[in-house]
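The values are calculated or read from the model by the stated rules, or taken from the named source; none is laboratory data. Computed from a predicted model, the values in this text were never measured in an experiment. Neighbour counts run over all protein chains shown; Cβ positions are idealised from the backbone, glycine included. Just so you know, the surface numbers come from the protein's heavy atoms only, side chains and all, with ligands and any DNA or RNA stripped out. Shrake-Rupley method; radii C 1.70, N 1.55, O 1.52, S 1.80 Å.
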Amino acid sequence: MTSEKLKEYTGQYSETKFLEKVYKFAKAIGKEILLQALLLKMVLEKEDVPVNMKLAIIGALGYLICPIDMIPDFIPVAGFTDDAAAIAAVYKMVHMYITEEDKAEVRAQVEEMIK
């Protein structure tokens, strides 16, 4: 998925909708993608991240939130694969803004969410 395509989903993002989605579907989303999505949210809140990176993050998180996407989320196993691809692509773009402390904090959150 291209950055241009992800920009179409920026209007879907809100922190409230994002948190509702990840808590409701934490197990279905999967630990690794959940970890990456929460780290993206953390990077989004950092002041030193360029605007174009933040737009890509908002697009990817908006895509995750959006109920209508390439592969509907309700389809078992495959439902979150397209969302995973969008999250993983943007995660690669912004990984340099993620610290080990960020990872530790989010890992703890994920463990609580998937219990």
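Can you name the residue in region 15-32 that is open to solvent by 30 Å² or more (accessible area, probe 1.4 Å) and of a type in the set (A, V, I, L, M) and is also farthest from the chain's Cα centre (by Cα) among such residues?
The initial filter retains those residues of region 15-32 that are open to solvent by 30 Å² or more (accessible area, probe 1.4 Å), namely 15-17, 19-20, 23-25, 27-28, 31-32.
Okay, now just the ones that are also of a type in the set (A, V, I, L, M), so 19, 28.
Working: Leu19: 10, Ala28: 14 Å.
Once the filter is applied, the top-ranked residue is Ala28.
Restricting the first member to region 12-28 and to residues that are within 16 Å of Ile58 (Cβ to Cβ), and the second to residues that are assigned to a helix (DSSP H, G or I) and aliphatic (A, V, I, L, M), the beta-carbon pairs closer than 6 Å and six or more apart or on different chains are Gln12/Ile65; Tyr13/Ile58; Tyr13/Leu61; Lys17/Ile65; Phe18/Leu61; Phe18/Ile65; Lys21/Ile65. When every residue of region 92-101 is checked against the conditions, at least one turns out to be open to solvent by 40 Å² or more (accessible area, probe 1.4 Å), among the β-branched types (Val, Ile, Thr) and modelled with pLDDT of 95 or more. Within region 45-63, which residues are open to solvent by less than 30 Å² (accessible area, probe 1.4 Å) and either under 19 Å from Lys103 (Cβ atoms) or assigned to a loop (DSSP other than H, G, I, E, B) (or both)? Of everything in region 45-63, those that are open to solvent by less than 30 Å² (accessible area, probe 1.4 Å) and either under 19 Å from Lys103 (Cβ atoms) or assigned to a loop (DSSP other than H, G, I, E, B) (or both) turn out to be Val49, Ile57, Ala60, Leu61.
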